[in-house]
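Have a look at the structure below, then the notes.
The values are calculated or read from the model by the stated rules, or taken from the named source; none is laboratory data. These numbers were taken from a predicted model, which means no experiment stands behind them. Here the Cβ positions follow ideal geometry from the backbone for every residue, glycine too, while neighbour counts run over all protein chains shown.
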Amino acid sequence: MNSYKCLFLSMFLLIASLSGCKKMPYQLKSHFSENLIPQAPDYSKIENWASLPIKNDPADQVPLKSDLKDGQAEAKVDVFFLHPTIFTKQPTNQYEWNADVNDETMNQSVDNSTILNQASTFNGSGKIYAPRYRQAHYHAYVTDNKEDKKKSLDLAYSDIKSSFEYYLKNYNQGRPIVIASHSQGTTHATRLIKEFFDNKPLQKKLVAAYIIGIATQPNVFETVKPCKSGDETGCFVSWNTYGKDYYPKWHKFGLNTSVSVNPLTWTLDSTYAPASMNKGGVGQKFTLYPNLVDAQNHQGMVWINRPHIALSWLAKNQGWHIADINFFYVNIRENLANRVETYFKK
């Protein structure tokens, strides 16, 4: 694929990782070092939150060419959002395994990608709280060194725990809570739910958990179970998006048995949902595209056909991980509204 086509495609398929247009994530050469850890964030400082209801941030936005509204001012619930891995390139400072929350370039990358395109999905029904955290480098997910991986992810989770405790003490005021996350964020959200919600008093405040982009098993929690319908509460949804008829090499190593909730039908069965059921996904320049993709559950995956968007036939990839939320933006938004309504009826 020549450079002109790559540039042209990026105008339409920013949400997809296109063959020939994207470099592989950087592989770290060092081991995790206790002497090279960024300073822990102080969550009493607004700048250490990517999104807060009291600040103007990208999670307050709604897509172009849509009639959606930011409903945070009237929202009755809180959404605690944990962003995915943005730290994928060669580190530009001494901190290699975990990102520094004082790195302004990294913060802008987080804000202009995942906070804008993912966290904003939930602003129709919830007040968005999204902490900055010392996210693990992508290499932590692919390294063969289990000790390095554990130390890096543990450090990242320590910030998630700290930020959530600060949120509970200073912001929550007893309001119902939605946990939302993608990819690395889901790694940490799963630990958070186990520690604070699962079979704990706070579980009564859990509206639902949208823990997306990581293969999550049905029995991962003791009492928080997979959602079986679109208005069930106190449960969790999860899915991983791939092209139809594609099986990634790790499919038989846990993906095949993972929870897969169809984000168009909100059921666990294999009923096919045509693209006409898709109320809209977001693409380049945060623009809404109606009827973007279809969806069907298949052996732990959500299978889709090619997106209904210009030049998508040129895309060679079959893994649509980066678009797990983008593709189903409006349907997720409406689903949260349904669950919030049901929660308060109960």
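Among the residues making up the range 33-48, those that are farther than 12 Å from residue 133 by Cβ, assigned to a loop (DSSP other than H, G, I, E, B) and of a type outside the set (Gly, Ala, Ser) are 34, 35, 36, 37, 39, 42, 45.
Restricting the range 323-346 to residues that are closer than 15 Å to residue 286 by Cβ and among the aliphatic types (A, V, I, L, M) leaves a set whose member that is surrounded by the fewest Cβ atoms within 10 Å (Cβ to Cβ) is 330.
Confirm whether residue 29 is touching a residue at least 24 places away in the same chain (Cβ under 8 Å), surrounded by fewer than 18 Cβ atoms within 10 Å (Cβ to Cβ) and of a type outside the set (Ser, Thr, Tyr).
In short, no.
Test of understanding: among 302, 282, 340, which residue is out of contact with any Asp or Glu (no Cβ under 6 Å at 6 or more places or on another chain) and over 22 Å from residue 62 (Cβ atoms)? Matching residue, one of 302, 282, 340: 302. Taking first residues from the range 34-45 that are under 15 Å from residue 164 (Cβ atoms) and partners that are among the basic types (Lys, Arg), the Cβ contacts under 7 Å between residues at least 6 apart in sequence or on separate chains come to 41/132. Scanning the range 117-150 for residues that are part of a helix (DSSP H, G or I) and of a type in the set (Lys, Arg) yields a total of 3.
Scoring residue 109 on the criteria (1) buried (at least 21 other Cβ atoms within 10 Å of the Cβ); (2) more than 22 Å from residue 336 (Cβ to Cβ) leaves a single failure, condition (1).
Residue check: residue 93 meets all listed conditions (1) at pLDDT 95 or above; (2) farther than 30 Å from residue 291 by Cβ; (3) not charged (D, E, K, R) but one, namely (1).
Of note, residue 154 does not satisfy the criterion of being in contact (Cβ under 8 Å) with a residue 12 or more places away in the chain, part of a helix (DSSP H, G or I), farther than 14 Å from residue 223 by Cα and out of contact with any strand residue (DSSP E or B) (no Cβ under 8 Å at 6 or more places or on another chain).
Summed over the range 160-192, the residues that are part of a helix (DSSP H, G or I), closer than 20 Å to residue 118 by Cα and not hydroxyl-bearing (Ser, Thr, Tyr) give a count of 7.
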